[in-house]
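Report on one structure; see the data block that follows.
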Amino acid sequence: MNISGSRIARQTFLLFGSQLILVGIGFGIKTIQTRWLGPEAYGLYAFFASFTGFAALFFRLGFYSSVQVILAANNNREREANLLGIGFLIALSTGILFSLFILLSSMFIDQWFDVSGLGRIMSLVAPIAFIVPFRMMISAMAVGSNRVNLIAVFDLFAKGLFIAILLLLALQSYLSLTLVILFNLITQIIAGLFTFYLFQPTFRNQKALFHLLLKKTKKFGFNFYVGTTANQATFKIDELLITYFYTATLNGFYSLAIVLCSPMVMASQALSNSLFKRFSTSDRIQDKVLIYNFLWLMGSLLALILVADELVAFLFGEDFFQVADYIPLLAVAFLLQGLYQPFNFLTAKSQGKAIRNIALIEAFLNISGNLILIPIYGVPGAIYTSIAAKGIHLLGKIYYYRKYLSSTHG
């Protein structure tokens with residue numbers, strides 16, 4: 001499996017390059033939002049993103065990962081188009097359920113988290129909130145069909161349109177929390193329709209494919225869903241707990257630190273996504289993949305620590321200086337997260353139970369650590385928990401990868 005000078009390398013650089021562009025657009029979006037909304041309103045926006053992102057994890061129901069794995073093992077173009085069709089139908093169905101959940105939650109959210117006025121906004125945008133889990137299916141289908149460039153197409157279209165609208169509203173002095181949330185969702189819907197066109201799904205033989213999907217979900221997808229949902233949900237619960245025990249403003253600072261650290265993992269994810277279809281037929285992870293990934297992450301860690309103060313001051317202004325305090329430790333958690341990205345190999349091999357076991361252990365650490373440490377230490381408590389949990393996740397992936405190699409190679 002040669003990754004240098006190959007289609008894999010081109011896909012990786014294309015996806016990572018587009019992600020870097022997205023990072024630049026994202027920083028532009030955050031700069032406009034923070035400077036025009038201020039710490040308090042931006043905190044409410046960050047909480048809305050945290051809450052919807054957390055809730056969406058539960059609506060995949062094991063189908064999303066099953067679609068991805070079935071697509072990766074498929075080599076028939078006509079069948080692929082039909083699989084993409086059923087993927088879109090499932091995404092639409094779960095998206096509608098998600099919209100109903102957001103509408104119901106809007107009646108209680110102000111009382112639960114002391115975020116005055118957010119419930120009214122959530123009830124307004126609930127009908128179009130279906131796009132939040134839809135984005136996850138687009139990613140699953142793009143990775144499974146080895147068309148990872150469509151992830152970049154969706155994100156670039158959505159964020160490019162979003163920042164253009166934000167600039168227009170800011171220039172007209174008409175930027176508000178409601179409009180920021182509303183247009184964030186609308187631009188994703190427009191991008192989703194365009195990506196749907198590019199995928200060119202068909203809707204033939206859907207009944208038989210749905211039965212195949214159910215079978216795969218029972219054998220693999222549900223185990224994967226239970227593990228990853230428990231893991232990701234408890235990982236994201238830190239933002240909800242920070243808001244609950246402290247303020248939405250403090251959670252806004254924490255979320256901005258996450259935004260600044262997240263690019264260091266993007267190259268690792270781009271490489272792993274580009275390799276996913278190849279992993280389904282490979283017998284191991286190539287050593288070069290692990291070495292290149294490690295070198296990139298270490299370089300990113302050092303660079304981020306060195307420029308943290310200047311970057312925060314330039315992007316967000318003096319009202320957000322506290323964000324820089326969280327970056328050095330948070331970058332360590334992202335380093336560990338990046339190191340286990342190539343072990344996505346286990347997903348391509350349908351090792352659902354192994355992934356479930358790792359994720360459940362990490363989930364236990366996440367929820368116990370956050371519940372104990374956040375009330376005591378605040379945001380640093382959430383970061384300490386992330387470092388411990390991501391470290392355990394990495395060790396678990398290494399253990400099950402070696403176990404897989406032993407079982408297949410003797």
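Some notes on this structure:
Here is a yes/no grid of residues against (1) buried (at least 23 other Cβ atoms within 10 Å of the Cβ); (2) over 23 Å from the mean Cα position of the chain (by Cα):
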{"residue": "Thr52", "(1), (2)": "no, no"}
{"residue": "Ala55", "(1), (2)": "no, no"}
{"residue": "Phe58", "(1), (2)": "no, no"}
{"residue": "Phe63", "(1), (2)": "yes, no"}
{"residue": "Gln68", "(1), (2)": "yes, no"}
{"residue": "Ala81", "(1), (2)": "no, yes"}
{"residue": "Leu89", "(1), (2)": "no, no"}
{"residue": "Arg135", "(1), (2)": "no, no"}
{"residue": "Met141", "(1), (2)": "yes, no"}
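- Of the candidates Asn223, Asn184, the single residue that is assigned to a helix (DSSP H, G or I), modelled with pLDDT of 90 or more and of a type in the set (S, T, N, Q) is Asn184.
- Of the helices (runs of 4 or more DSSP H) lying entirely inside region 62-139, those containing at least 3 residues that are under 18 Å from Phe196 (Cα atoms) span 63-73, 77-105.
- Of the helices (runs of 4 or more DSSP H) lying entirely inside region 318-391, those carrying at least 3 residues that are among the aliphatic types (A, V, I, L, M) and farther than 16 Å from Leu304 by Cβ are 352-377.
- Candidate set from region 156-181 (those that are part of a helix (DSSP H, G or I) and among the small types (Gly, Ala, Ser)); member that is modelled with the lowest pLDDT: Ala170
- For the criterion of being of a type in the set (Val, Ile, Thr) and either touching an Asp or Glu at 6+ places or on another chain (Cβ under 9 Å) or on the phi > 0 side of the Ramachandran plot (or both), Thr281 fails.
- Residue within region 348-371 that is under 25 Å from Ala152 (Cβ atoms) and out of contact with any Gly (no Cβ under 8 Å at 6 or more places or on another chain) present: yes
- For region 286-334, a tally of residues being hydroxyl-bearing (Ser, Thr, Tyr) and closer than 16 Å to Leu271 by Cβ returns 2.
- Residue in region 187-215 that is farthest from Ala49 (Cα to Cα), counting only those that are outside any loop (DSSP other than H, G, I, E, B) and of a type in the set (S, T, N, Q): Gln206
- Among the residues of region 169-210, those identified as aromatic (Phe, Trp, Tyr), free of Cβ contacts under 8 Å to residues at least 60 places away in the same chain and farther than 19 Å from Trp36 by Cβ are Phe194, Tyr197.
- Condition met for Gly396 (small (Gly, Ala, Ser), in contact with an Asp or Glu (Cβ under 8 Å, 6 or more places away or on another chain) and over 30 Å from Phe27 (Cβ atoms)): yes
- Qualifying residues in region 350-365 (those that are buried (at least 21 other Cβ atoms within 10 Å of the Cβ) and β-branched (Val, Ile, Thr)) - the one modelled with the lowest pLDDT: Ile355
The values are calculated or read from the model by the stated rules, or taken from the named source; none is laboratory data. Since we're looking at a predicted model, the values are computed, not measured. Every residue, glycine as well, gets a Cβ built from its backbone with ideal geometry; the counts of neighbours run over all protein chains shown.
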